[in-house]
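**Student:** Got a structure for you, written out below as structure tokens; questions coming shortly.
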Amino acid sequence: MGGINLTQDKLVDRLSKLDTCAVSDALDSLELKGVVTSLKSVSVRKKIVGRIVTVKLVSAEQGSSKRHLGTAAVETASNGDVIVVEHGRDDVAGWGGNLCVAAVQRNISGVIIDGACRDVDEMCDLEFPVYARSQVPTTARGRIVEQSFNERIVIADVEVDPSDLVIADGSGIAFIQSSQAEVVISTAERIVEKEAAMAKAIREGKPVSEVMGKDYETMLKRD
């Protein structure tokens, strides 16, 4: 188990040097799903990179829970992990201020929620990054409960498992299956090298039309 964690730590470190655009291009090249564009940063603009701890929320009418939503995920998460929440509602918050306080104490990298959150001003004061579909003041009390954590969830139309990897920044969000992480990150690194070489050529005076010529459209094709 320790070897697996060490390998993932190295992958997370490599992923932290990339951006979602490079990862998106890599996923395209490999014909894999993972990009989510419907969620935006609602607090501080800060890149999130890490292993995933999942949470699934449902209407209180569908069940009950003995614990407050999100608390088990916060207490289970390791240093640098990202909590990802399947919520699906824009009218009720599925994450809030005290959970962010606890997440900061646990050194969690950030939260991604497919739905609404609240206490955005508090998140900003904490400088804690949260990506969500919307923000509302409406409480989850009596409306939303946690159905499960650290089980498979769906964010937009992307299946997300515990210990998958995620990167989120100003351009969007990209999820990477743990089994595909090495090939996706390696492909993204090669794309970054190509893009950097293009930028260097442009800065050195080469016409942009030449740099971004016919080869640009095929640069994602695998050898």
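**Student:** Pairs under 6 Å by beta carbon, first residue at pLDDT 70 or above in the range 205-223, partner of a type outside the set (Ser, Thr, Tyr), six or more apart or different chains?
**Tutor:** Once the first residue is at pLDDT 70 or above and sits in the range 205-223, its partners that are of a type outside the set (Ser, Thr, Tyr) give Val208/Ile202; Val211/Met198; Val211/Ala201; Val211/Ile202; Leu220/Asp25; Leu220/Asp28.
**Student:** What pairs come out if I take residues in the range 112-135 that are more than 11 Å from Val92 (Cα to Cα) and pair them with residues that are of a type in the set (Asp, Glu) whose C-beta lies under 7 Å away, six or more apart or interchain?
**Tutor:** Asp114/Glu86; Arg133/Asp90; Arg133/Asp114
**Student:** Of these, Val154, Val183, which one is at pLDDT 95 or above, of a type in the set (A, V, I, L, M, F, W, C) and either surrounded by 14 or more Cβ atoms within 10 Å (Cβ to Cβ) or in a loop (DSSP other than H, G, I, E, B) (or both)?
**Tutor:** So the residue among Val154, Val183 that is at pLDDT 95 or above, of a type in the set (A, V, I, L, M, F, W, C) and either surrounded by 14 or more Cβ atoms within 10 Å (Cβ to Cβ) or in a loop (DSSP other than H, G, I, E, B) (or both) is Val183.
The values are calculated or read from the model by the stated rules, or taken from the named source; none is laboratory data. Worth saying up front: this structure is predicted, and the values here are computed from it rather than measured. Here the Cβ is made from the backbone with ideal geometry for all residues, glycine too, and neighbour counts use every protein chain on show.
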